[in-house]
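Trainee: Mind looking over this structure? Questions follow.
The values are calculated or read from the model by the stated rules, or taken from the named source; none is laboratory data. All values reported here derive from a predicted model rather than from experimental measurement. Positions of Cβ are generated from backbone atoms using ideal geometry, with glycine treated the same way; all protein chains shown enter the neighbour counts.
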Protein chains: 2
Amino acid sequence: MKTIEGGITAAKGFLANGIACGIKKRKKDMALVLSQKDCSFAGAFTTNLVKAAPVLWDQALVKDSASVRGIVINSGNANACTGNQGLEDASAMATLAAKAFGQEVQANQVFVCSTGVIGVPLPMEILGKGIDLCAKNLGGSREAGSLAAEAICTTDTFSKEIAVEVELDGTMVHIGGMAKGSGMIHPNMATMLSFITTDAVIEKEVLQKLLGTTVIDSYNMISVDGDTSTNDTVLVLANGMSQCGTLTPDSSCWDAFKQAFEYVHTYLAKAIVRDGEGAGKFIEVHVGGASDKKTAQILARSVVGSNLVKTAFFGSDANWGRILCAMGYSGAAFDPACVTLSFSSVKGSLEVVSQGQPIVFDEHKAKEILLEKEVQVEVSVGDGPGAGTAWGCDLSYEYVRINGDYRS
Amino acid sequence: MKTIEGGITAAKGFLANGIACGIKKRKKDMALVLSQKDCSFAGAFTTNLVKAAPVLWDQALVKDSASVRGIVINSGNANACTGNQGLEDASAMATLAAKAFGQEVQANQVFVCSTGVIGVPLPMEILGKGIDLCAKNLGGSREAGSLAAEAICTTDTFSKEIAVEVELDGTMVHIGGMAKGSGMIHPNMATMLSFITTDAVIEKEVLQKLLGTTVIDSYNMISVDGDTSTNDTVLVLANGMSQCGTLTPDSSCWDAFKQAFEYVHTYLAKAIVRDGEGAGKFIEVHVGGASDKKTAQILARSVVGSNLVKTAFFGSDANWGRILCAMGYSGAAFDPACVTLSFSSVKGSLEVVSQGQPIVFDEHKAKEILLEKEVQVEVSVGDGPGAGTAWGCDLSYEYVRINGDYRS
């Protein structure tokens, strides 16, 4: 597997574009992705009981459609909590995009995603004109992908793209993707949209199963603010244009594809956390020695989800007691007397708790380690086989500022 | 029932004192409470798996002791995550306090509470001298109670006291209390200590059962920051000195006592939220029409626990979509299409969602309502019998500042 330049248009036969159509005041707010051939596909969605209208549309597609061709995405308005009008608007978006894509594309072959403010009806007239305009310049270039990646952003401070190539039995297969964060990010699919395209040959059921397990170790292991959004969506489109052999878990090259697939998702999940609202620090928490993987993941997620842990990192404070505290209320079982904990960064590593007993440590050294932009917390809770990693960020003044007047 | 002046010394036969003994740099940090007679008692403790040493000590007392006489409390150091040394120190605190109280008091009749920084051993020499000094001036006056209430505070900006009297079959019974917050506050017993004394005659088992149900609707319905602490403790001491009849659920005056008891706990719980770290607004969320009380309480708690809801209140922003979103990920069942929601304060009331459909509302009016210090959110989720109320506060720059360098 090799990382290459590119994003959502890196795989063969995928076109994209992104423009500013007027939903936001100035910035880009409309993106389209189109495959030149029918795609098999997979989707994963928010677990929030309150689902935005486009999520309901996409879930119906995953259930009922045989193939899809494209995605229409707007930012600036989430079309969430918009009642019956919202459902009609999501359906209308698919119809408008299908028409703009060309006569052979059907509305039930178009995924719809919206992100932005909640509770305000979509400006459908502006949006309809935007879709037509955006469709006029679809392209397969690196730049076309970047325009789309830019147009799906809300409070993101940078756009998130990734592409890899992997040789499978002599055929080069590509996987590309783009994602947006960056508030309402929490385990179980946060306010984030992530789109992956590939020219691999893989059937819908196999792809859906692979996505299901991938989500658990990537998007579900990140937290920005503990709020699980109404719009979270991960979509994968596979158009088969690489003409590699049909991939199944029995294929000789399955592991290579799976690894590349997981890499792309994990990269985008981590990029979302790096760009968490107001985030100044990227925090990786690894828990080992747990009774099983699930226990380790629950413990690691609880740590990156704690406001008190996050504010301590904001202050570069080695307040490890808050980490133990967050593990303690996670609901997962472990013995506090067996916990060993250390902080590390490029400036070195420092053990602060050993077998449940606090260690007198050099505060100066701790500060030096924690002042870095990327910090790792390594926790061992025993000698069990379970391990898990979660990613989070600090909680800053900037987070409060951004969310204190988001609608303004 | 009547609210009266006073706190922990309002009930007959209870003495208290609070002093600065040197655990903190300047402020008061040591409090003692002593009953002149043996007390029946009840306790409720943190559900965090990582329990501070004094919590373990107190839990053993609740399980094994027949009666108690007093409480020793220090602030500035939580004696949490302090390993075996912490357990020895908690036990030593009880022994020192019992000795200072007088020869007839046993160590296993003294509750121990600590609050403050985690992971640092207690300065036992300073603490021992402090206990002796504090015990020298125990008194039953209003002022003595206030000194104790002050000494248990950490980042609290005001001390929290309450006292009521209630006439039970012609006998006047008193209930008094004090509590401290104000970070690590979350449902299921947060970093808070709450102490209640009463001269009512009530047996240990009856008192424990009453406390258990009271905690569910008071302390467990408040949230400041979602972190459930290692030290949360509620203790009730009843010395029977009012000489009222023995109270049981069959007593004619049981309801009057129960109401007064619940009032005192709910008052203190709400006072803790009012003084939440960095809090500028007090938010009451009432959910009605749910299938049962538990469902309504889960929904209400999820709303006051959401960082995005809290930052919206900080910005006085009528971002009701975040409220629906927080209800949606709470795990409790309801139909989003049946939700009706309004904001209110002394400036009036404003409905923003009706039967799941957004209402176009006057933003100016909304701002006027939300700029108040106390705001109510009224949510109906249907026509079921379940209702519940939760209390929370906004999330401000100040919260980040306080917790970014708490150990410094």
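Trainee: Can you pull out every residue in segment A:328-341 that is touching a residue at least 24 places away in the same chain (Cβ under 8 Å), in a helix (DSSP H, G or I) and at the interface with another protein chain (Cβ under 7 Å from one of its Cβ atoms)?
Mentor: Matches in segment A:328-341: none.
Trainee: Could I ask something else about it? With respect to residue A:396, is the statement that it is over 21 Å from residue A:283 (Cα atoms), at pLDDT below 90 and within 14 Å of chain B (Cβ to nearest Cβ) true?
Mentor: For residue A:396, the condition - over 21 Å from residue A:283 (Cα atoms), at pLDDT below 90 and within 14 Å of chain B (Cβ to nearest Cβ) - is not met.
Trainee: Using the structure shown, decide if residue B:45 is of a type in the set (A, V, I, L, M, F, W, C), within 14 Å of chain A (Cβ to nearest Cβ) and touching a helix residue (DSSP H, G or I) at 6+ places or on another chain (Cβ under 7 Å).
Mentor: It is true that residue B:45 is of a type in the set (A, V, I, L, M, F, W, C), within 14 Å of chain A (Cβ to nearest Cβ) and touching a helix residue (DSSP H, G or I) at 6+ places or on another chain (Cβ under 7 Å).
Trainee: Another question, then. Look through segment A:108-134, keep the residues that are within 14 Å of another protein chain (Cβ to nearest Cβ) and hydrophobic (A, V, I, L, M, F, W, C), and return whichever of them is surrounded by the fewest Cβ atoms within 10 Å (Cβ to Cβ).
Mentor: Among them, the one singled out is A:117.
Trainee: Shifting gears a bit: Could you figure out which of (1) aliphatic (A, V, I, L, M); (2) under 28 Å from residue B:150 (Cα atoms); (3) assigned to a strand (DSSP E or B) isn't true of residue B:272?
Mentor: (3)
Trainee: Is it the case, given these coordinates, that residue B:208 is modelled with pLDDT of 95 or more and either assigned to a loop (DSSP other than H, G, I, E, B) or among the polar types (S, T, N, Q) (or both)?
Mentor: Yes: the conditions hold for residue B:208.
Trainee: Right, something else. Between a residue in segment B:265-294 that is more than 18 Å from residue B:156 (Cα to Cα) and any residue that is assigned to a helix (DSSP H, G or I) and not hydrophobic (A, V, I, L, M, F, W, C), which pairs come within a Cβ distance under 7 Å, given they are 6 or more apart or on different chains?
Mentor: Listed pairs, sorted by first residue: none to list.
Trainee: Something else about it: Regarding segment B:292-310, can at least one residue be identified that is basic (Lys, Arg) and touching a Leu at 6+ places or on another chain (Cβ under 6 Å)?
Mentor: yes
Trainee: In segment B:222-267, how many are assigned to a helix (DSSP H, G or I) and under 14 Å from residue B:181 (Cα atoms)?
Mentor: Total satisfying the criteria: 3.
Trainee: Residue by residue through segment B:284-315, note down the ones that are outside any helix (DSSP H, G or I), crowded, with 21+ Cβ neighbours inside 10 Å and either more than 14 Å from chain A (Cβ to nearest Cβ) or at pLDDT 90 or above (or both).
Mentor: Selection gives B:285, B:287, B:290.
Matching residues to (1) of a type in the set (A, V, I, L, M); (2) in contact with a Leu (Cβ under 6 Å, 6 or more places away or on another chain); (3) over 30 Å from residue B:171 (Cβ atoms); (4) free of Cβ contacts under 8 Å to residues at least 24 places away in the same chain:
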residue	(1), (2), (3), (4)
B:24	no, no, yes, no
B:27	no, no, yes, no
B:41	no, yes, no, no
B:52	yes, no, yes, no
B:76	no, no, yes, no
B:81	no, yes, yes, no
B:87	yes, no, yes, no
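Trainee: Another question, if that's okay. Does segment A:343-370 hold any residues that are in contact with a Phe, Trp or Tyr (Cβ under 9 Å, 6 or more places away or on another chain), more than 11 Å from chain B (Cβ to nearest Cβ) and in a strand (DSSP E or B), and which are they?
Mentor: A:343, A:349, A:350, A:351
Trainee: Another question, if that's okay. So which of A:70, A:128, A:119, A:76 is modelled with pLDDT of 95 or more and either assigned to a helix (DSSP H, G or I) or closer than 30 Å to residue B:340 by Cβ (or both)?
Mentor: A:128
Trainee: Take residue B:90 and tell me if it is over 23 Å from residue B:204 (Cα atoms), touching a helix residue (DSSP H, G or I) at 6+ places or on another chain (Cβ under 7 Å) and in a loop (DSSP other than H, G, I, E, B).
Mentor: Here the answer is no, as residue B:90 does not meet what is asked.
Trainee: Test residue B:321 against the criterion of being at the interface with chain A (Cβ under 8 Å from one of its Cβ atoms), in contact with a strand residue (DSSP E or B) (Cβ under 9 Å, 6 or more places away or on another chain) and surrounded by 19 or more Cβ atoms within 10 Å (Cβ to Cβ), and give yes or no.
Mentor: So residue B:321 fits the description; yes.
Trainee: Additional query: Tally time: how many residues in segment A:59-72 are in contact with a strand residue (DSSP E or B) (Cβ under 7 Å, 6 or more places away or on another chain) and either free of Cβ contacts under 8 Å to residues at least 24 places away in the same chain or crowded, with 24+ Cβ neighbours inside 10 Å (or both)?
Mentor: Going through segment A:59-72 one residue at a time, the tally reaches 6.
Trainee: Residue under question is residue B:276, and the condition is that it be within 14 Å of chain A (Cβ to nearest Cβ) and within 16 Å of the chain's Cα centre (by Cα); does it hold?
Mentor: yes
Trainee: For segment B:79-89, check the following and say yes or no: at least one residue is within 26 Å of residue B:239 (Cβ to Cβ), modelled with pLDDT of 95 or more and crowded, with 17+ Cβ neighbours inside 10 Å.
Mentor: No, every residue in segment B:79-89 fails to be within 26 Å of residue B:239 (Cβ to Cβ), modelled with pLDDT of 95 or more and crowded, with 17+ Cβ neighbours inside 10 Å.
Trainee: Right, something else. Conditions: (1) of a type outside the set (A, V, I, L, M); (2) within 16 Å of residue A:231 (Cα to Cα); (3) surrounded by fewer than 18 Cβ atoms within 10 Å (Cβ to Cβ). Residue A:137 meets all but one. Number of the miss?
Mentor: (2)
Trainee: OK, next. Return yes or no: is residue B:379 among the β-branched types (Val, Ile, Thr) and in a strand (DSSP E or B)?
Mentor: yes
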